[in-house]
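The values are calculated or read from the model by the stated rules, or taken from the named source; none is laboratory data. Keep in mind that what you see is a predicted model, and the values were worked out from it rather than measured. Heads up, the Cβs are rebuilt from the backbone with ideal geometry, glycines too, and the neighbour counts pull from every protein chain shown. Accessible surface is based on the protein model in full, side chains and every heavy atom, while ligands, DNA and RNA are left aside. Shrake-Rupley method; radii C 1.70, N 1.55, O 1.52, S 1.80 Å.
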Amino acid sequence: MQVNSIQKNEQKGTFSTILKSTGIGCLAGYAAKYMLPLTDEEMDNEYKETIKLIRTHTNKTKNRYLEEIRKIPNKTLAQDTFVKMLDVTKEEGLNNTQKAFKMRNIVKKAKLSESDSAQLSFMLKNINSKAKSVTKKYIKAYEGVLKGNRPLAWLLVPAGIVGFSVGLVKNIIKSES
């Protein structure tokens, strides 16, 4: 009699296995909606224009920081050099290489002490790290919106079918052994 009850317990749960694996497949499909990278169709002209707007906003943030330093009445040598260097980036008609050489000459002419040089280095790293972090946050948020707009059925149904198939195969293998 006990053997018979064990056999009933072994045969029990074939439908639940299929249901669980289908559910897991559907969850994987839903997760894929947000985990898959953006496609070329999603990175169209609108995406590129939005990225340009984000970078423009970041430049405005840099300019606000620069204006705060510019308003300081008695600037240190490092702060004055910093303002002059960032003014070079706004000059028209110069390519990036020419701007870099001009900034380098400004630093050479300033003849900074070690403490001023360290302060200038800190200010440059600080403004660049803030700008990068703001840009990354906005771009990540925009990409999240784009991924959220993806149609769910195209990812959910195939993943559910794969999960269903895995559960069915598992039950077939389980019943044969």
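Given C-alpha coordinates of the stretch 111-177, what is the ratio Rg to Rh with the Kirkwood estimate of Rh? If you can, show how the numbers build up before the last one.
Details: Rg = 27.0 Å, Rh = 17.3 Å.
When Rh is taken as the Kirkwood radius, the ratio is 1.56.
Nearest 0.05, what FRET efficiency do K140 and S175 give at R0 = 41 Å with Cβ-Cβ as r? Could you put the intermediate results ahead of the total?
Details: r = 48 Å, r/R0 = 1.16.
Working from the Cβ atoms, E equals 0.30.
Suppose a student asked you for the relative contact order of the stretch 54-177, using Cα pairs under 8 Å spaced at least 6 residues apart; what percent would you report?
Values: 42 pairs, mean separation 40.6, N = 124.
It comes to 33 percent, rounded to a whole number.
So what's the net charge close to K111: Lys and Arg +1, Asp and Glu -1, counting the other residues with Cβ under 14 Å from its Cβ? Show your work: numbers first, answer last.
Working: positive: K84, R104, K108, K109; negative: D80, E114, D116.
Once positives and negatives cancel, what remains is +1.
How many Å² of accessible area per residue for the chain, probe 1.4 Å? Can you show the working numbers first?
Details: 13100 Å² over 177 residues.
With the other protein chains kept in place, the chain gives 74 Å² per residue.
Add +1 for every Lys or Arg and -1 for every Asp or Glu among the other residues with Cβ under 12 Å from the Cβ of V88, and state the total.
Details: positive: K84, K90, K99, K102, R104; negative: D87, E91, E92.
Once all neighbours under 12 Å are counted, the net charge is +2.
Rounding to the nearest 20 debye, state how big the charge dipole of the chain is about its Cα centre with +1 on each Lys and Arg Cβ and -1 on each Asp and Glu Cβ.
Here the chain has a charge dipole of around 720 debye.
Mind checking the stretch 75-177 for trypsin sites (Lys or Arg not before Pro) that DSSP puts in a loop (not H, G, I, E or B) and that have at most 12 other Cβ atoms within 10 Å? Could the numbers behind the result be given before it?
On the way: sites: K75, K84, K90, K99, K102, R104, K108, K109, K111, K125, K130, K132, K136, K137, K140, K147, K170, K174; in loops: K75, K90, K111.
For trypsin sites (Lys or Arg not before Pro) across the stretch 75-177 that sit outside H, G, I, E and B with at most 12 neighbouring Cβ atoms in 10 Å, the list reads K90, K111.
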_Extension gain, E49 back to W154 (0.36 nm per residue minus Cα-Cα distance, nm)_ = 35.1 nm
*Quick one, which of (1) 19.2; (2) 16.0; (3) 12.6 is the actual mean projected area of the Cα convex hull in nm² calculated for this model?*
(1)
*Report, ordered by chain and residue number, the lysines lying within cross-link reach of K147, taken as a straight Cα distance under 20 Å and ignoring same-chain residues fewer than 8 apart.*
K33, K48, K52, K136, K137
*Looking at L94, A159, S21, which one has the Cα that reaches farthest to the positive end of the dipole of the chain (charges on Cβ: Lys, Arg +1; Asp, Glu -1)?*
L94
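Rounded to the nearest percent, how much of the accessible area of the chain (1.4 Å probe, protein heavy atoms only) is carbon and sulfur?
Here carbon and sulfur together make up 61 percent of the probe-accessible area.
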*asked:* Please enumerate, by chain and number, the aspartates and glutamates with C-alpha under 17 Å from the C-alpha of K62, excluding those fewer than 8 residues away in the same chain.
replied: D80, D87, E91
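Could you tell me which GluC sites (Glu not before Pro) in the stretch 66-156 are loop residues by DSSP with no more than 14 other beta carbons within 10 angstrom of their beta carbon? Mind dumping the intermediate values first?
Details: sites: E67, E68, E91, E92, E114, E143; in loops: E91, E92.
The qualifying sites are E91, E92.
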